[in-house]
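The structure appears right after this line, and notes come after that.
The values are calculated or read from the model by the stated rules, or taken from the named source; none is laboratory data. Predicted model only: the values in this text are computed from it and were never measured. For neighbour counting, all protein chains shown are included, and Cβ atoms are generated from backbone atoms with ideal geometry for every residue, glycine included.
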């Protein structure tokens, strides 16, 4: 099945990657997809500062970072504190694809996962997935982020139902996220 073609020139992307060579590859791939506004950061603190000054539509981040771990950065974004948009889609990229790392990234609030080496086609497919299948956000006592279930079943009452979940259908209601 062929992917629909989208013009991405109005999309802004923050690339968080501590390896200069890999960051350069990611930036060039993203620009090759038509994105004209690409921000770069080499560590979590620099990325948070960039996001405060220049909010991004999508974050593409390495999971294993020097300094601030990817999990800490993602938790900070999802907290929505200090002017950050907690609903920003986050594509985690990692060469370490063991299940434990993927599950940790999922459980911390990533939107999509992509294994390195990254191809333009695979990155574009994740961006298209974000556009065409936006994930509902869920807040429980221990989690805030995209619903980990890819399919939403209205009225699901089965044994795996979260008893305290709340979903956010309106992505514009960031104040509700911050109040919760």
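Tell me yes or no: at least one residue of region 60-72 is over 20 Å from residue 104 (Cα atoms) and either touching a helix residue (DSSP H, G or I) at 6+ places or on another chain (Cβ under 7 Å) or touching a residue at least 60 places away in the same chain (Cβ under 8 Å) (or both).
No; the residues of region 60-72 include none that is over 20 Å from residue 104 (Cα atoms) and either touching a helix residue (DSSP H, G or I) at 6+ places or on another chain (Cβ under 7 Å) or touching a residue at least 60 places away in the same chain (Cβ under 8 Å) (or both).
Just to be sure I understand, how many residues within region 26-44 are buried (at least 16 other Cβ atoms within 10 Å of the Cβ) and under 17 Å from residue 117 (Cα atoms)?
5
Yes/no per residue for (1) under 16 Å from residue 94 (Cβ atoms); (2) touching a strand residue (DSSP E or B) at 6+ places or on another chain (Cβ under 6 Å):
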site	(1), (2)
7	no, no
13	no, yes
25	yes, no
37	no, yes
52	no, no
58	no, yes
79	no, no
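Residue 20: at positive phi and either surrounded by fewer than 20 Cβ atoms within 10 Å (Cβ to Cβ) or touching a helix residue (DSSP H, G or I) at 6+ places or on another chain (Cβ under 8 Å) (or both), yes or no?
Here the answer is no, as residue 20 does not meet what is asked.
Between 51, 39, 26, which is farther than 18 Å from residue 122 by Cα and in a helix (DSSP H, G or I)? Steps first, please.
Values: 39 fails: in a helix (DSSP H, G or I); 26 fails: farther than 18 Å from residue 122 by Cα.
Residue meeting the stated conditions: 51.
Just to be sure before I move on: is residue 65 assigned to a loop (DSSP other than H, G, I, E, B), crowded, with 21+ Cβ neighbours inside 10 Å, modelled with pLDDT of 95 or more and in contact with a strand residue (DSSP E or B) (Cβ under 8 Å, 6 or more places away or on another chain) in the structure I sent?
Taking the combined requirement at face value, the residue does not satisfy it.
List the number of the failed condition for residue 68; all other conditions in (1) over 22 Å from residue 143 (Cα atoms); (2) over 14 Å from the mean Cα position of the chain (by Cα) hold.
Only one criterion is unmet by residue 68, namely (1).
Checking the conditions here, which among 117, 86 is at negative phi, surrounded by fewer than 17 Cβ atoms within 10 Å (Cβ to Cβ) and assigned to a loop (DSSP other than H, G, I, E, B)?
That would be 117, the only listed residue that is at negative phi, surrounded by fewer than 17 Cβ atoms within 10 Å (Cβ to Cβ) and assigned to a loop (DSSP other than H, G, I, E, B).
Can you tell me which residue among 131, 91, 59 is surrounded by 13 or more Cβ atoms within 10 Å (Cβ to Cβ), modelled with pLDDT of 90 or more and part of a helix (DSSP H, G or I)?
131
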